[in-house]
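Please treat every number below as a calculation from the coordinates, not as lab data. What you see is a predicted model, and the numbers here were worked out from it, not measured in a lab. Here the Cβ is made from the backbone with ideal geometry for all residues, glycine too, and neighbour counts use every protein chain on show.
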Amino acid sequence: MKTKVQHFYRSSQYLQHQTYITLNGEQFPILFSGGTRKPYIRFGFFITDNPEIIKAIETDPRFGKEFKRERPEISEVTDLENPQTQHVFKVEDITEVNAAATESVNPRKNFKVVTGITSGQKAKAYLLKTYRGKVKSLDLRTNAAIVAIADAHKIYFIDWEEIY
């Protein structure tokens with residue numbers, strides 16, 4: 001029986017990013033890819049099962065800052081006589097994966113979903129009109145500030161694709 005351990009690392013800053021780690025005294029490239037902006041921003045990831053690379057990543061001074069291990073270890077157990085592969089998870093790992101799947105379907109649970117808002121200007125106008133006196137125009141200068149105020153008021157602009 002052969003056991004293989006995979007580690008899932010996620011970039012903290014980039015949708016796609018190539019960086020180098022020191023492996024056995026030499027520079028080794030790792031590529032974080034697969035990041036997306038829709039339905040919300042998810043930065044790029046890197047998966048490996050090589051124990052030398054795992055050790056090099058986790059001893060790198062940028063580990064925990066620029067990239068970190070996100071998912072629990074997944075063990076693949078392969079019986080050489082029976083070539084079926086089984087994934088072995090702990091119960092809490094399955095709960096974590098299910099929670100992540102639910103989050104990706106609806107990232108803003110219990111938010112009021114507003115349709116028809118397709119730009120920052122329209123979102124700003126909506127927030128100023130809806131929360132007159134509570135929200136000021138000066139607080140809504142950038143798209144990030146508009147989203148932050150909308151999140152604070154539990155508003156989700158579902159048609160505003162470029163920001164989520």
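Show me, bin by bin at 10 Å from 0, the whole-percent P(r) of the range 112-157 based on Cα pairs.
30, 65, 5
Among the listed pairs Lys38/Lys129; Lys65/Lys122; Lys112/Lys134, which are separated by more than 24 Å between their Cα atoms?
Violating the 24 Å limit, Cα to Cα: Lys38/Lys129; Lys65/Lys122.
What's the exposure ranking of Phe43, Phe32, Phe63, Phe157, going from fewest to most Cβ atoms within 10 Å?
Taking fewest neighbouring Cβ atoms as first place, the list is Phe63, Phe43, Phe32, Phe157.
Dipole of the range 112-157, Cα-centred, from +1 at each Lys and Arg C-beta and -1 at each Asp and Glu C-beta, to the nearest 20 debye?
Rounded to the nearest 20 debye, it is 180 debye.
Counting other beta carbons within 10 Å of each Cβ, put Tyr9, Tyr20, Tyr14 in order, fewest first. Don't jump to the answer; show the numbers that get you there.
Numbers: Tyr9 21, Tyr20 11, Tyr14 15.
Taking fewest neighbouring Cβ atoms as first place, the list is Tyr20, Tyr14, Tyr9.
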